Amino acid sequence: MPENICVIGCGFSGAISARILAEAGYQVHIFEKRNHIGGNAYDKIDENGIVIHPYGPHIFHTNNKRVFKFLSKFTTWRFYEHEVLAYVDGKEVPIPINRVTLSEIYGKDFTEKGAKLYFSENAVKITNIRNSEDNVLASVGEDLCDKIFRGYTRKQWGMDLADLDASVAARIPTRTNDDCRYFVDDFQFIPANGYTALFEKILDHRNISINLNTDYFDHRDSNNYMHTIYSGPIDKYFDYQFGKLEYRSLNFKHTYIPNLNYYQKVGTINYPNEYDYTRITEFKHITGQKCTGTSIVKEFPKSHGDPYYPVPRPRNNKVYTEYYDLAKLEQDVTFIGRLAQYKYYNMDQVIASSISKTNILIEQLKKS
Ligand code: FAD
Ligand code: UDP
């Protein structure tokens, strides 16, 4: 099958790559082990008529114009800026921490200047930031670290802040103003008809065929495609020869509440120190759906199960480098996405990487 390419996985990385290859004239065969397209960004209408994200809340945000333009060929958008509160000492306070958070937690008004002073007085002086604990202590100090970061991180990752790369906690900035948005990116939108409808459009091309309920590893021996795009876990691809990479998994507990318009004030409420779940998300805030009755999801982290998060820490970085070096030798395979690149990527980063890796591949295929 000289012009045929197979794509393993139908999340953003696989679907975008498939589309670019199809437009370049290749016949693309997608193999997806789940019974649906969209990967973890898949959404659907639940049995009560509410649009939900079965794999947890997905909010699209990016500063990358190229990514936004690419997706805009396949969807219109609903403007949505996500807000998150954290339940701390009986109060719901804005996350990322800003001057409103300080005012509510400490029961007195903080101006911007007051907030700056608070951080300069309380932040721990650490010159060499080695891990997420250093990152948080150097930004907000001990008290807010304990109130907001320590417990949440232990639950989410099953390990201490100090065990994780600085980049994990660095996802959450510290602000001195009163901006209560979770993200400040230039483009913050939800696909107007949802993510699954967006994927349907991306995949709607005569050169693309999709095989759902098909695990690549059940068919690997009969692979005679000219090239393979692989977006599953990289350690599995190489039969765990350098040992297993850690992935963090989640149980999603979805609940429908009838006769209620909204369950909570904002899209997500984090519970750093109470309960076994990390956060509750209410989908109607995100999707803008207007109806009576509402659906929420609670996220319960666990170490086994579907791999949702790579775990950024030195041990895994080292093992990943060994797989990465092996992957470079695999001329007929391109490794893309959050699991195959073992990167804590947001959707836009996965898309940007998939666009660029696929375009490089097309150039290489033209030359060979
Ligand atoms: P995936 O979406 O995981 O797709 C990979 C696909 O490959 C899967 O469908 C899988 O079934 C399939 N597959 C794997 N192995 C095989 C095999 N052997 N054979 C066949 N198929 C296989 N990002 C944001 O930008 N904003 C958010 O708000 C956000 N929220 C998130 C919330 C949660 C709880 C999680 C877990 C992630 C969130 N993300 C968010 C990240 C986002 O989900 C990812 O960046 C993105 O979905 C990754 O796309 P992907 O294609 O790399 O991987
Ligand atoms: N975090 C925290 N408390 C919070 C929010 C985030 O400790 O209230 C830490 C935690 O370690 C988390 C990381 O910051 O895993 C990144 O948070 P983000 O909301 O980006 O996680 P995601 O949405 O990817 O699960």
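The values are calculated or read from the model by the stated rules, or taken from the named source; none is laboratory data. Because the structure is predicted, anything quoted here is derived from the model rather than measured. Counting neighbours? That spans all protein chains shown, and the Cβs are built from the backbone with ideal geometry, glycine included. Just the protein is used for accessible areas: all its heavy atoms, side chains included, with ligands, DNA and RNA removed. Shrake-Rupley method; radii C 1.70, N 1.55, O 1.52, S 1.80 Å.
GNM on the chain, alpha-carbon springs under 10 angstrom: the most fluctuating residue among Glu47, Glu112, Glu83 is Glu47.
Highest GNM mean-square fluctuation among Asp165, Asp43, Asp109, for the chain modelled with Cα contacts below 10 Å: Asp109. When the Gaussian network model of the chain links Cα atoms closer than 10 Å, the mean-square fluctuations of Ile190, Ile172, Ile37 top out at Ile172. With a Cα cut-off of under 22 Å and a minimum spacing of 8 residues unless on different chains, the lysine pairs in segment 157-288 number 4. In order along segment 26-43, phi translates into HN-Hα couplings of 7, 7, 10, 10, 9, 10, 10, 6, 7, 8, 8, 8, x, x, 6, 8, 3, 10 Hz, rounded to whole numbers, per the Karplus curve 6.51 cos²θ - 1.76 cosθ + 1.60 with θ = phi - 60° and x for Gly and Pro. Projecting the Cα atoms of Val266, Met226, Phe199 onto the charge dipole of segment 187-270 (Cβ charges, centred on the Cα centre) puts Val266 farthest toward the positive pole. Length gained on full extension, Ala170 to Ala192, computed as 0.36 nm times the residue gap minus the Cα-Cα distance: 4.9 nm. In the chain, helices alone account for a calculated mean residue ellipticity at 222 nm of -9000 deg cm²/dmol, with every DSSP H run of four or more residues adding -39,500 (n - 2.57). Working note: Cα gyration tensor of the chain, eigenvalues times five, square-rooted, sorted largest first, giving semi-axes of 37, 25, 19 Å. Summarising the amide proton neighbourhood of Ile30: residues at separation of 5 or more, or on other chains, whose placed amide H is nearer than 5 Å comprise Val7, Ser209, Ile210, Asn211.
The residues of segment 14-148 expose, per residue, 46 Å² of accessible area to a 1.4 Å probe. Alpha-carbon geometry of segment 300-368: the Rg and the Dmax are 14.2, 48 Å, given in that order. Relative contact order of the chain, taken over Cα pairs closer than 8 Å and 6 or more residues apart, is 26 percent. Placing +1 on the Cβ of every Lys and Arg and -1 on the Cβ of every Asp and Glu, with nothing else charged, gives the chain a dipole about its Cα centre of roughly 480 debye. Taking a straight line from the alpha carbon of Lys116, these lysines sit under 22 Å away, with near neighbours fewer than eight places off in the same chain left out: Lys108, Lys125, Lys147. Modelled label positions at Arg181 and Asp306, each set 7 Å beyond Cα in the direction of Cβ, lie 2.9 nm from each other. Between Arg66 and Ile257, the simple spin-label model (points 7 angstrom out along Cα→Cβ) gives 4.3 nm. For segment 1-31, backbone nitrogen atoms closer than 16 Å to the point 7 Å from Arg206 Cα along Cα-to-C-beta are found at 22-28.
Using θ = phi - 60° in the Karplus curve 6.51 cos²θ - 1.76 cosθ + 1.60, the 3J(HN,Hα) couplings for segment 269-275 round to 10, 8, 10, x, 10, 10, 6 Hz; x is entered for Gly and Pro. For segment 118-178, the gyration tensor built on C-alpha atoms gives a prolate shape. Its axis ratio a/c (a ≥ b ≥ c) is at least 1.5, and a/b is the larger of a/b and b/c. Legend: helices of the chain (whole DSSP H runs) are marked when their alpha-carbon atoms reach 27 angstrom or more along the helix axis and their mean Kyte-Doolittle hydropathy is at least -0.5; marked are 347-367.
Solvent-accessible area of the chain (1.4 angstrom probe, protein heavy atoms only): carbon and sulfur portion equals 48 percent. When only alpha carbons of segment 1-106 are considered, Rg and Dmax amount to 19.7, 67 Å.
Heavy-atom accessible surface of segment 189-242, averaged per residue, reaches 50 Å², computed with a 1.4 Å probe. Each Lys and Arg adds +1 at its Cβ and each Asp and Glu adds -1 at its Cβ; summed about the Cα centre, segment 158-223 shows a dipole of about 280 debye. Measuring r between the beta carbons of Phe217 and Glu112 and using R0 = 45 Å, the FRET efficiency lands at 0.25. Centroid-to-centroid, using Cα positions, segment 195-221 and segment 116-190 are 38 Å apart.
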